Amino acid sequence: MSDSVEKLARLQANLEQVIIGKPEAIRLTLTALLARGHLLIEDIPGVGKTTLARALARSLACPFQRIQFTSDLLPSDILGTAVFIQTRGEFEFRPGPVFTSILLADEINRTTPRTQSALLEAMNERQVTIEGRTYPLPRPFLVIATQNPLEHHGTFPLPDSQLDRFLISIQLGYPDRDHELEILRLRSFVPSLDHIQPVLSAEEVLAWQDQVDRVKVEASLLEYAQALSQATRGHPRLRLGVSPRGALALKQAAKAHAVLAGRDFCIPDDFKRLALPVFAHRLLLGPQDDDPERRRAVASEILEDILDTIPVPR
């Protein structure tokens, strides 16, 4: 495990060269990567959402594609299409940008639900089906989607079924005073990532993902995860709580968090620290709290109340 921790520390340090003052956001990004999950970044423009995705792609020796989601984007623009080749008298599949390892879905809520749903099979099954044929996606495969939760003009909110496919959701937020001054000293208006060099290969990422699968989880921690998800289902301020898929997501994220910490076993803190980023986007608030601009804050408040209520296993 010591070798893994050293290499993962190099990866985190690589990202911290670009995303200044946000070590927890970087750690959660790496958690999603190692857990074979996907990441949703919900925040205002200009805080580094796209830069974080691009820096991760440059830090890994893996293919990268960026899709700017717009209202006229079609599913075939993402997945690819079958083209008829006249000289051969047959159709040939031309893969779309989803056939990559790191996919940046920029402003995903600016495209229609039909196009949004084109990513569901890719995110869940790591494959796409075109004209009755199934094509596997490269490994590893990570979708990093961004959206501005305060922008409502010309947007299409992600349905709950799509939100549930994201393992973790994060917000970067504004930097504090000292880190913003550092950004002003070191950065230009158009950030350059040319100095970022790959530190990990695709094979190493896959090996760490396999290592996550071998992390041990005590029965008491599984009971704790179940109690947390169960508490959301009966909460008076929620219309819909966390599904079993969400509970499984917490377990998988906790195992990845343990690997990042250099352990081959989980502790209660792995589950407690990840409950908010894994559960917050999966909650459907009650009518009294259903304000899109306060959704994240209200969900965090409810989850913190639940975490204070449920006893932590010893």
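Observations on the model:
- Test: residue in the stretch 219-234 that is touching a Cys at 6+ places or on another chain (Cβ under 6 Å), closer than 30 Å to ARG295 by Cα and surrounded by 15 or more Cβ atoms within 10 Å (Cβ to Cβ): yes
- Per the listing LEU119, LEU150, the residue uniquely assigned by TED's automatic domain parsing to the domain that holds LEU79 and farther than 23 Å from PRO95 by Cβ is LEU150.
- Residues that are in a loop (DSSP other than H, G, I, E, B), crowded, with 16+ Cβ neighbours inside 10 Å and in contact with an Asp or Glu (Cβ under 9 Å, 6 or more places away or on another chain), drawn from the stretch 49-73: PHE69
- In the stretch 59-72, the count of residues that are over 30 Å from HIS153 (Cβ atoms), over 19 Å from the mean Cα position of the chain (by Cα) and without any contact (Cβ under 8 Å) to a residue 12 or more places away in the chain is zero.
- Set side by side, the residues GLN86, GLN127 differ, and just one is within 30 Å of ALA280 (Cα to Cα) and free of Cβ contacts under 8 Å to residues at least 12 places away in the same chain, which is GLN127.
- Selected residue [surrounded by 15 or more Cβ atoms within 10 Å (Cβ to Cβ) and closer than 18 Å to LEU40 by Cβ] from LEU238, LEU274: LEU274
- Counting the residues of the stretch 181-200 that are over 20 Å from the mean Cα position of the chain (by Cα) and touching a residue at least 40 places away in the same chain (Cβ under 8 Å) gives 10.
- From the options ALA13, ALA25, ALA57, residue that is in contact with a Phe, Trp or Tyr (Cβ under 7 Å, 6 or more places away or on another chain) and aliphatic (A, V, I, L, M): ALA57
- Residue that is farthest from LEU181 (Cα to Cα), among those in the stretch 44-67 that are of a type outside the set (A, V, I, L, M) and in contact with a helix residue (DSSP H, G or I) (Cβ under 6 Å, 6 or more places away or on another chain): CYS62
- When ILE310 is tested against (1) in contact (Cβ under 8 Å) with a residue 60 or more places away in the chain; (2) outside the structural domain of ASN148 (by TED's automatic domain parsing); (3) under 25 Å from ASN124 (Cα atoms), exactly one condition is not met: (3).
- Entry remark, the stretch 1-48: residues being assigned to a helix (DSSP H, G or I) and at pLDDT below 85 number 7 in total.
- Odd one out for ASP194 among (1) over 16 Å from ARG54 (Cα atoms); (2) part of a loop (DSSP other than H, G, I, E, B): (1)
- Pairs, first closer than 23 Å to GLU125 by Cβ in the stretch 150-173, second assigned to a loop (DSSP other than H, G, I, E, B) and among the hydrophobic types (A, V, I, L, M, F, W, C), C-beta under 8 Å, six or more apart: LEU167/ALA35
The values are calculated or read from the model by the stated rules, or taken from the named source; none is laboratory data. Note that the structure is a prediction, hence the values are computed from the model and not measured. Every residue, glycine among them, receives a Cβ derived from its backbone with ideal geometry; neighbour counts consider all protein chains shown.
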